[in-house]
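For reference, the structure discussed in these notes is given below.
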Amino acid sequence: MASDLSVVNAARVSFARRKEAMDESDEGLIRFLMRDRHGTPFEHNAFRFHVRTPLFVAREWFRHRVGSFNEFSMRYARATDDFYVPEADDVRTQVGKPGAYSFDPVSPEVAETTREELRAVYEHAYATYERLVELGVARELARLAMPVGAYTEFYWTVNARSLMNFVSLRAAETAQREIRRYADAVELFFAERMPVTHAAFVSSGRVAP
Ligand SMILES: Cc1cc2nc3c(=O)[nH]c(=O)nc-3n(C[C@H](O)[C@H](O)[C@H](O)COP(=O)(O)OP(=O)(O)OC[C@H]3O[C@@H](n4cnc5c(N)ncnc54)[C@H](O)[C@@H]3O)c2cc1C
(Lines give C-alpha, C1' and ligand atoms only; values in the text may rest on other atoms or scores of the structure.)
Protein backbone atom coordinates (compact mmCIF):
# COMPACT_ATOMS: atom_id res chain seq x y z
CA MET A 1 0.00 0.00 0.00
CA ALA A 2 2.97 2.32 -0.48
CA SER A 3 4.38 4.01 -3.57
CA ASP A 4 6.20 7.17 -4.61
CA LEU A 5 3.10 8.08 -6.60
CA SER A 6 1.07 8.35 -3.38
CA VAL A 7 3.38 11.21 -2.30
CA VAL A 8 3.16 12.97 -5.66
CA ASN A 9 -0.63 12.77 -5.84
CA ALA A 10 -1.06 13.93 -2.24
CA ALA A 11 1.03 17.00 -3.07
CA ARG A 12 -0.53 17.66 -6.49
CA VAL A 13 -4.11 17.63 -5.14
CA SER A 14 -3.32 21.22 -4.06
CA PHE A 15 -3.57 22.01 -7.80
CA ALA A 16 -6.40 19.51 -8.48
CA ARG A 17 -3.97 17.34 -10.44
CA ARG A 18 -3.44 13.58 -10.40
CA LYS A 19 -0.87 11.38 -12.11
CA GLU A 20 -1.10 7.70 -13.08
CA ALA A 21 2.66 7.27 -13.47
CA MET A 22 5.79 8.96 -12.18
CA ASP A 23 7.95 11.14 -14.40
CA GLU A 24 11.12 13.16 -13.81
CA SER A 25 9.28 16.24 -12.55
CA ASP A 26 7.63 14.06 -9.89
CA GLU A 27 11.01 12.89 -8.68
CA GLY A 28 12.05 16.53 -8.35
CA LEU A 29 8.83 17.26 -6.47
CA ILE A 30 9.58 14.49 -3.94
CA ARG A 31 13.10 15.84 -3.43
CA PHE A 32 11.67 19.34 -2.89
CA LEU A 33 9.06 18.10 -0.38
CA MET A 34 11.72 16.22 1.54
CA ARG A 35 14.23 19.06 1.50
CA ASP A 36 11.72 21.71 2.61
CA ARG A 37 10.13 19.35 5.13
CA HIS A 38 6.63 19.32 3.69
CA GLY A 39 5.85 16.14 5.61
CA THR A 40 2.15 15.46 5.15
CA PRO A 41 2.24 14.18 1.52
CA PHE A 42 4.36 11.31 2.85
CA GLU A 43 1.49 10.16 5.07
CA HIS A 44 -0.91 8.83 2.38
CA ASN A 45 0.39 5.28 2.18
CA ALA A 46 0.90 2.36 4.52
CA PHE A 47 3.38 -0.38 5.28
CA ARG A 48 2.30 -3.36 7.35
CA PHE A 49 5.00 -5.47 8.99
CA HIS A 50 4.58 -8.74 10.87
CA VAL A 51 7.48 -8.65 13.31
CA ARG A 52 9.02 -11.21 15.63
CA THR A 53 11.39 -9.69 18.21
CA PRO A 54 12.51 -10.14 21.80
CA LEU A 55 10.41 -8.13 24.28
CA PHE A 56 13.16 -5.59 24.94
CA VAL A 57 13.26 -4.67 21.25
CA ALA A 58 9.44 -4.50 21.07
CA ARG A 59 9.45 -2.16 24.03
CA GLU A 60 11.78 0.25 22.19
CA TRP A 61 9.71 -0.12 19.02
CA PHE A 62 6.39 0.64 20.75
CA ARG A 63 7.72 4.06 21.78
CA HIS A 64 7.04 5.09 18.19
CA ARG A 65 3.51 6.35 18.76
CA VAL A 66 2.63 7.29 15.19
CA GLY A 67 1.59 3.91 13.83
CA SER A 68 -0.64 1.02 14.89
CA PHE A 69 0.33 -2.09 16.81
CA ASN A 70 -1.34 -5.38 17.69
CA GLU A 71 0.72 -7.81 19.74
CA PHE A 72 0.68 -11.45 20.80
CA SER A 73 -0.90 -11.72 24.26
CA MET A 74 0.52 -13.83 27.05
CA ARG A 75 -2.82 -13.31 28.83
CA TYR A 76 -4.67 -15.34 26.22
CA ALA A 77 -2.07 -17.67 24.74
CA ARG A 78 0.62 -19.82 26.24
CA ALA A 79 4.11 -18.28 26.12
CA THR A 80 6.56 -20.02 23.82
CA ASP A 81 9.93 -21.40 24.78
CA ASP A 82 11.69 -18.99 22.47
CA PHE A 83 14.41 -16.65 23.72
CA TYR A 84 17.09 -14.37 22.28
CA VAL A 85 20.66 -15.50 22.85
CA PRO A 86 23.09 -13.05 21.19
CA GLU A 87 25.68 -14.44 18.83
CA ALA A 88 29.16 -14.45 20.40
CA ASP A 89 30.16 -11.50 18.17
CA ASP A 90 27.26 -9.47 19.54
CA VAL A 91 28.23 -9.81 23.19
CA ARG A 92 29.82 -6.45 23.94
CA THR A 93 31.00 -4.18 26.70
CA GLN A 94 30.14 -0.49 27.01
CA VAL A 95 32.80 2.19 27.27
CA GLY A 96 32.33 5.88 28.03
CA LYS A 97 29.57 8.01 29.52
CA PRO A 98 25.75 7.73 29.27
CA GLY A 99 24.66 9.24 25.97
CA ALA A 100 28.10 8.67 24.46
CA TYR A 101 28.82 4.98 24.91
CA SER A 102 30.85 3.00 22.48
CA PHE A 103 30.64 -0.77 22.41
CA ASP A 104 33.67 -3.02 22.23
CA PRO A 105 33.88 -6.79 21.77
CA VAL A 106 34.51 -8.97 24.83
CA SER A 107 36.86 -11.95 24.95
CA PRO A 108 35.56 -15.25 23.50
CA GLU A 109 35.40 -16.65 27.06
CA VAL A 110 33.19 -13.81 28.34
CA ALA A 111 31.01 -14.11 25.25
CA GLU A 112 30.50 -17.83 25.82
CA THR A 113 29.83 -17.36 29.56
CA THR A 114 27.21 -14.72 28.74
CA ARG A 115 25.49 -17.03 26.30
CA GLU A 116 25.54 -19.93 28.78
CA GLU A 117 24.26 -17.81 31.67
CA LEU A 118 21.42 -16.48 29.54
CA ARG A 119 20.45 -19.96 28.37
CA ALA A 120 20.39 -21.15 32.01
CA VAL A 121 18.19 -18.23 33.12
CA TYR A 122 15.81 -18.77 30.19
CA GLU A 123 15.51 -22.47 30.95
CA HIS A 124 14.81 -21.80 34.61
CA ALA A 125 12.35 -19.00 33.83
CA TYR A 126 10.40 -21.06 31.33
CA ALA A 127 10.28 -24.08 33.68
CA THR A 128 8.88 -21.78 36.40
CA TYR A 129 6.32 -20.39 33.97
CA GLU A 130 5.17 -23.88 32.97
CA ARG A 131 4.98 -25.04 36.58
CA LEU A 132 2.80 -22.06 37.55
CA VAL A 133 0.48 -22.63 34.58
CA GLU A 134 0.19 -26.33 35.51
CA LEU A 135 -0.67 -25.32 39.11
CA GLY A 136 -3.58 -23.35 37.69
CA VAL A 137 -2.12 -19.85 37.99
CA ALA A 138 -3.60 -17.50 35.38
CA ARG A 139 -1.38 -16.95 32.35
CA GLU A 140 -1.54 -13.21 32.98
CA LEU A 141 0.33 -13.81 36.25
CA ALA A 142 2.50 -16.75 35.28
CA ARG A 143 4.02 -14.55 32.56
CA LEU A 144 5.78 -12.49 35.24
CA ALA A 145 8.42 -15.19 35.16
CA MET A 146 9.25 -14.41 31.52
CA PRO A 147 12.44 -12.37 30.90
CA VAL A 148 12.73 -9.51 28.41
CA GLY A 149 14.76 -11.79 26.12
CA ALA A 150 11.56 -13.78 25.32
CA TYR A 151 10.25 -13.39 21.79
CA THR A 152 6.95 -11.73 21.01
CA GLU A 153 5.26 -10.97 17.71
CA PHE A 154 3.22 -8.04 16.51
CA TYR A 155 1.76 -6.26 13.51
CA TRP A 156 2.97 -2.72 12.85
CA THR A 157 1.19 -0.51 10.34
CA VAL A 158 2.87 2.77 9.62
CA ASN A 159 3.00 5.49 6.96
CA ALA A 160 6.21 6.52 5.20
CA ARG A 161 6.67 9.70 7.20
CA SER A 162 6.59 7.88 10.53
CA LEU A 163 8.61 5.00 9.09
CA MET A 164 11.34 7.49 8.12
CA ASN A 165 11.34 8.84 11.68
CA PHE A 166 11.73 5.26 12.95
CA VAL A 167 14.55 4.49 10.51
CA SER A 168 16.24 7.81 11.20
CA LEU A 169 16.38 7.06 14.94
CA ARG A 170 16.69 3.28 15.01
CA ALA A 171 18.96 2.54 12.06
CA ALA A 172 21.43 5.02 13.53
CA GLU A 173 24.74 4.28 15.22
CA THR A 174 23.27 5.50 18.52
CA ALA A 175 20.47 2.91 18.55
CA GLN A 176 20.87 -0.46 20.25
CA ARG A 177 22.34 -3.00 17.85
CA GLU A 178 19.40 -5.40 18.10
CA ILE A 179 16.70 -2.90 17.07
CA ARG A 180 19.09 -1.42 14.51
CA ARG A 181 19.08 -4.74 12.62
CA TYR A 182 15.28 -4.62 12.42
CA ALA A 183 15.38 -0.96 11.35
CA ASP A 184 17.84 -1.89 8.58
CA ALA A 185 15.37 -4.53 7.39
CA VAL A 186 12.48 -2.04 7.53
CA GLU A 187 14.57 0.34 5.44
CA LEU A 188 15.12 -2.33 2.77
CA PHE A 189 11.36 -2.71 2.29
CA PHE A 190 10.96 1.07 2.27
CA ALA A 191 13.67 1.48 -0.41
CA GLU A 192 12.10 -1.27 -2.51
CA ARG A 193 8.56 0.16 -2.42
CA MET A 194 9.37 3.88 -2.49
CA PRO A 195 12.80 4.20 -4.17
CA VAL A 196 12.54 7.91 -5.01
CA THR A 197 11.34 8.84 -1.53
CA HIS A 198 14.03 6.68 0.03
CA ALA A 199 16.77 8.29 -2.09
CA ALA A 200 15.49 11.77 -1.14
CA PHE A 201 15.45 10.76 2.55
CA VAL A 202 19.07 9.60 2.32
CA SER A 203 20.28 12.69 0.46
CA SER A 204 18.50 14.96 2.97
CA GLY A 205 20.61 13.57 5.78
CA ARG A 206 18.20 10.77 6.83
CA VAL A 207 15.91 13.17 8.70
CA ALA A 208 12.15 12.52 8.43
CA PRO A 209 10.30 15.48 6.85
C1 LIG B 1 19.01 6.11 20.88
C2 LIG B 1 17.72 6.27 21.63
C3 LIG B 1 17.70 6.30 23.01
C4 LIG B 1 16.50 6.47 23.71
N5 LIG B 1 16.51 6.47 25.07
C6 LIG B 1 15.36 6.65 25.76
C7 LIG B 1 15.35 6.69 27.19
O8 LIG B 1 16.37 6.58 27.84
N9 LIG B 1 14.16 6.85 27.82
C10 LIG B 1 12.99 7.02 27.13
O11 LIG B 1 11.93 7.18 27.73
N12 LIG B 1 12.98 6.96 25.77
C13 LIG B 1 14.11 6.79 25.08
N14 LIG B 1 14.08 6.73 23.71
C15 LIG B 1 12.79 6.82 23.02
C16 LIG B 1 12.56 8.24 22.44
O17 LIG B 1 12.49 9.20 23.48
C18 LIG B 1 11.26 8.26 21.61
O19 LIG B 1 10.17 7.93 22.45
C20 LIG B 1 11.26 7.30 20.46
O21 LIG B 1 12.48 7.38 19.75
C22 LIG B 1 10.10 7.62 19.52
O23 LIG B 1 10.42 8.78 18.80
P24 LIG B 1 9.31 9.81 18.37
O25 LIG B 1 8.59 10.40 19.53
O26 LIG B 1 9.98 10.79 17.42
O27 LIG B 1 8.32 8.89 17.48
P28 LIG B 1 6.73 8.88 17.45
O29 LIG B 1 6.17 8.65 18.78
O30 LIG B 1 6.35 7.91 16.34
O31 LIG B 1 6.36 10.33 17.02
C32 LIG B 1 6.64 10.80 15.69
C33 LIG B 1 6.67 12.32 15.71
O34 LIG B 1 5.36 12.81 16.01
C35 LIG B 1 5.48 13.96 16.84
N36 LIG B 1 4.84 13.68 18.14
C37 LIG B 1 4.38 12.47 18.57
N38 LIG B 1 3.83 12.61 19.79
C39 LIG B 1 3.95 13.91 20.13
C40 LIG B 1 3.59 14.66 21.28
N41 LIG B 1 3.02 14.11 22.35
N42 LIG B 1 3.86 15.96 21.30
C43 LIG B 1 4.47 16.56 20.25
N44 LIG B 1 4.86 15.92 19.13
C45 LIG B 1 4.59 14.59 19.08
C46 LIG B 1 6.97 14.26 16.99
O47 LIG B 1 7.35 15.14 15.97
C48 LIG B 1 7.61 12.91 16.77
O49 LIG B 1 8.95 12.97 16.31
C50 LIG B 1 15.27 6.58 23.01
C51 LIG B 1 15.29 6.54 21.60
C52 LIG B 1 16.49 6.39 20.91
C53 LIG B 1 16.46 6.34 19.39
(request) Go through the stretch 160-197 and give me each residue that's closer than 16 Å to residue 67 by Cα and among the polar types (S, T, N, Q). (result) 162, 165, 168
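If I filter the stretch 170-179 down to residues being over 11 Å from residue 60 (Cα atoms) and within 11 Å of the ligand (Cβ to nearest atom), which single residue comes out as nearest to the chain's Cα centre (by Cα)? Give the steps one after another, and end with the answer.
Looking only at the stretch 170-179, we keep the residues that are over 11 Å from residue 60 (Cα atoms), and these are 171-174, 177.
This time we only want the ones that are within 11 Å of the ligand (Cβ to nearest atom), so: 171-174.
Details: 171: 9, 172: 12, 173: 14, 174: 14 Å.
Once the filter is applied, the top-ranked residue is 171.
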(message) Against the conditions (1) within 25 Å of the chain's Cα centre (by Cα); (2) more than 16 Å from the ligand (Cβ to nearest atom); (3) under 20 Å from residue 176 (Cβ atoms), where does residue 102 fall short? Just the number, please.
(response) (2)
(request) Being farther than 17 Å from residue 189 by Cβ and within 14 Å of the ligand (Cβ to nearest atom) narrows it down to one of 12, 63, 31, 17, so name that one. (result) 63
(request) Report yes if residue 82 is surrounded by 11 or more Cβ atoms within 10 Å (Cβ to Cβ), at pLDDT 95 or above and closer than 16 Å to residue 58 by Cα, otherwise no. (result) yes
(message) I want to confirm something. Restricting to the stretch 113-126 and keeping residues that are within 14 Å of residue 84 (Cα to Cα) and not aliphatic (A, V, I, L, M), which single residue is most open to solvent (accessible area, probe 1.4 Å)?
(response) 123
(message) Against the definition (surrounded by 13 or more Cβ atoms within 10 Å (Cβ to Cβ), in contact with a strand residue (DSSP E or B) (Cβ under 7 Å, 6 or more places away or on another chain) and more than 29 Å from residue 146 (Cα to Cα)), how does residue 47 come out, yes or no?
(response) yes
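The values are calculated or read from the model by the stated rules, or taken from the named source; none is laboratory data. Worth saying up front: this structure is predicted, and the values here are computed from it rather than measured. When we count neighbours, we look across all protein chains shown, and the Cβ atoms used for this are built from the backbone with ideal geometry, even at glycine. Please note that ligands, DNA and RNA were not included when accessible areas were found on the heavy atoms of the full protein model with its side chains. Shrake-Rupley method; radii C 1.70, N 1.55, O 1.52, S 1.80 Å.
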